[in-house]
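Before any comments, here is the structure.
The values are calculated or read from the model by the stated rules, or taken from the named source; none is laboratory data. Remember, predicted model here, so these are calculated numbers, not experimental data. Backbone-built Cβ (ideal geometry, glycine too); neighbour counts: all protein chains shown. Note: accessible area is taken over every heavy atom of the protein model, side chains too, but ligands, DNA and RNA are not part of it. Shrake-Rupley method; radii C 1.70, N 1.55, O 1.52, S 1.80 Å.
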Amino acid sequence: MFGEEGGVPFQQILPAEQVVAELPVQIVDVRDSTLMDAVAAAAGCRFDLSVELPLRARVFRVSESEHVLVLVLHHIAGDGGSLAPLARDIAVAYAARTDGEMPGWVPLPVQYADYTLWQREILGDESDPESVLATQVEYWRAELAGLPECIELPTDRRRP
């Protein structure tokens with residue numbers, strides 16, 4: 001989840017067991033004629049990332065043998081590049097469950113947090129003027145010098 005404290009954003013990573021408990025999948029009965037409206041309504045709900053996971057799942061039951069899974073993923077948690085692996089994992093899980101089994105995934109050897117730690121190790125600290133990070137930050141400060149602090153664009157909330 002993502003919150004803000006004193007104007008500073010932060011990420012809260014929950015243990016997998018807690019995520020399963022916090023991500024109830026709603027099963028909603030719909031008629032074939034109202035399915036698309038129901039899907040659009042599910043996809044159009046806003047997220048409150050300070051208290052909600054950036055993922056929602058809903059199953060629409062059209063009949064005893066026809067169901068539609070709707071996953072809504074906030075862009076803070078996924079992008080175009082992450083959709084293909086997500087779809088693949090859902091297909092693998094679906095195939096395993098239809099065979100009465102659990103998907104046989106092994107834990108990933110690297111998590112995103114590992115990547116960020118590695119990135120910090122490689123780039124160094126911004127307070128060290130000799131670090132790659134400090135050099136890059138200084139380069140972009142010089143390149144962007146003189147530009148307005150903020151470009152006024154329509155937003156859904158005031159900028160802090």
* Treating the angle as unsigned and between 0 and 90°, give the value, to the nearest 10°, between the Cα long axis of helix 132-144 and the longest Cα principal axis of the chain. => 80 degrees
* How big is the gap, in Å, between the Cα center of region 133-157 and the Cα center of region 10-88? -> 34 Å
* Asked: Here are several values of P(r) over Cα pairs in 5 Å bins from 0, in percent: (i) 2, 9, 18, 22, 23, 16, 8, 2, 0; (ii) 1, 6, 9, 13, 16, 15, 12, 9, 7, 5, 3, 2, 0; (iii) 1, 7, 8, 8, 7, 6, 5, 6, 9, 10, 10, 9, 6, 3, 2, 1, 0, 0. Which one was derived from the coordinates shown?
  -> (ii)
* Sum of -39500 (n - 2.57) over DSSP H runs of 4+, divided by residues of the chain (222 nm, nearest 500) -> -11500 deg cm²/dmol
* To do: Would you kindly state how much longer the chain becomes between Leu69 and Tyr94 on full extension, computed as 0.36 nm times their sequence separation minus their alpha carbon distance, in nm to one decimal?
  => 7.9 nm
* Structure fact -> Quick calc: nm separation of the 7 Å Cα→Cβ label points for Tyr139 and Ser50 -> 3.7 nm
* Asked: Shape of region 85-160 from its Cα gyration tensor (a ≥ b ≥ c, root eigenvalues): rounded if a/c is under 1.5, otherwise prolate when a/b > b/c, or oblate?
  -> oblate
* Structure fact -> Averaged per residue, the 1.4 Å probe accessible area of the chain, protein heavy atoms only, in Å², is roughly 82 Å²
* Fully extended contour minus Cα-Cα distance, from Arg120 to Met102, at 0.36 nm per residue -> 2.8 nm
* Asked: In degrees from 0 to 90, rounded to the nearest 10, what is the angle of the helix 80-98 Cα long axis to the longest principal axis of the chain?
  -> 30 degrees
